Amino acid sequence: MTIGVNLAALDFVAGQVILNTLHEWEKVIRADRNLSPVALVPKQPTVEAEVAYTVKFHLSHLEWTLEQEWVDEFAREIADIHSTGMTAARRFLDPVKRIPCPATNDDGSTCNSLIAVKGDDLLEPVTCRKCDSQWTPARLIAVATTTPGIEIWLDTEAVANWTGITERQVRNVVNQHKLKRKGQLIDLQAFNRVRANYSV
């Protein structure tokens, strides 16, 4: 059983992890640049204000920081903080969807090279690196779903966004019809076939 509280989120929101890292690097920058030590800088009234203050400090010295030999270590620690925050907030970068290119080659075969589609903008142009054919995701999906032999595996959120229904409705269709899955991915072709005869 869990206690129903996201401890990582609470710890992150408390701000100590962020402040510890940013203040340590602020000490380094202040010492190297002969600035007032952190201990002499007035404390801010809230954690949020303290984080905002030290972030502002780092941004104002960023060009200088980028020229230092320790910048890789600094960047790794900042990336770790960002990753911790994303996990604590249960926010993740949108996964890249890959859809087989349905373009027809000169010999009559299907290209089938995977085209990366980021986000959910159905009108953002994408290009196949193998055959140079250009598509919008909407057209790519429409053609791919009617091309024999092509499989399109997408996550629940993508299927919901691209079919105009809710994620819950997608899960209902998948569960009721026991559709084959690859981990968290759903076969869009099979989903559309059963959905054509099923009202969500």
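Yes or no: Thr136 surrounded by 17 or more Cβ atoms within 10 Å (Cβ to Cβ), polar (S, T, N, Q), under 28 Å from Thr104 (Cβ atoms) and modelled with pLDDT under 90? Judged against the criteria, Thr136 is not a match.
In the set (1) of a type in the set (Lys, Arg); (2) surrounded by 14 or more Cβ atoms within 10 Å (Cβ to Cβ); (3) at pLDDT 85 or above, Lys97 fails one condition alone, (3). Among the residues making up region 19-43, those that are among the polar types (S, T, N, Q) and in contact with a helix residue (DSSP H, G or I) (Cβ under 9 Å, 6 or more places away or on another chain) are Thr21, Ser36. Between Trp153, Trp162, the distinction of being closer than 26 Å to Thr104 by Cβ, buried (at least 17 other Cβ atoms within 10 Å of the Cβ) and touching an Asp or Glu at 6+ places or on another chain (Cβ under 7 Å) belongs to Trp153 only.
The values are calculated or read from the model by the stated rules, or taken from the named source; none is laboratory data. What you see is a predicted model, and the numbers here were worked out from it, not measured in a lab. Please note: Cβ atoms are built from the backbone with ideal geometry, for glycine as well, and neighbour counts cover all protein chains shown.
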